[in-house]
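Following: one structure in structure tokens, then a few remarks.
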Amino acid sequence: MTNQPHKLFYKGTDNDFVIFVDDPSLYEKYKKGDTTIPLIDIVSVFKVFINRQGGVDGILDEASKQDLTNNFKTSNADEVIKIILEKGSDKHNADVDNGIASHNDSIGAGNTGN
């Protein structure tokens, strides 16, 4: 297993959704039909995230029940996670926003003009 999280991306009708997979090998077994594997063993964070900007990269927010209902016709996170596991695409090389935003890279580490 790699240190990089596996993001599963699902293009919804209104927004794009992401879940994080802990064990890619278990995910592959699940996708091939082994539904006996508990979801908690596959998914690292048992939440569905939404990217309102579109795509797999960018800032992710937790999807609201209304977001889930609008796109999946259910607000049940278990059911939505199953849908994304079955129909989503693995984007394990996509960036994960860690919440640190650069404000001015051009200044560098040198003199800041003070």
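Every number in this text was worked out from the coordinates using simple rules, so none of it is lab data. The structure presented is a predicted model; accordingly, all values stated were derived computationally and were not measured. Neighbour counts are summed over all protein chains in view; Cβ atoms, including those assigned to glycine, are modelled from backbone coordinates with ideal geometry.
Values as computed for the structure displayed
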{"quantity": "Globularity index of region 6-93, i.e. its alpha-carbon radius of gyration over 2.2 N^0.38 Å", "calculated": "0.99"}
{"quantity": "Partner lysines for LYS31 [C-alpha distance under 24 Å; skip if fewer than 8 residues away on the same chain]", "calculated": "LYS7, LYS11, LYS47, LYS73, LYS82, LYS87, LYS91"}
{"quantity": "Contour minus Cα-Cα distance for THR69 and ASP41 (0.36 nm per residue)", "calculated": "7.6 nm"}
{"quantity": "Packing-based order for 66-75, 19-28, using average beta carbon neighbours within 10 Å, highest first", "calculated": "19-28, 66-75"}
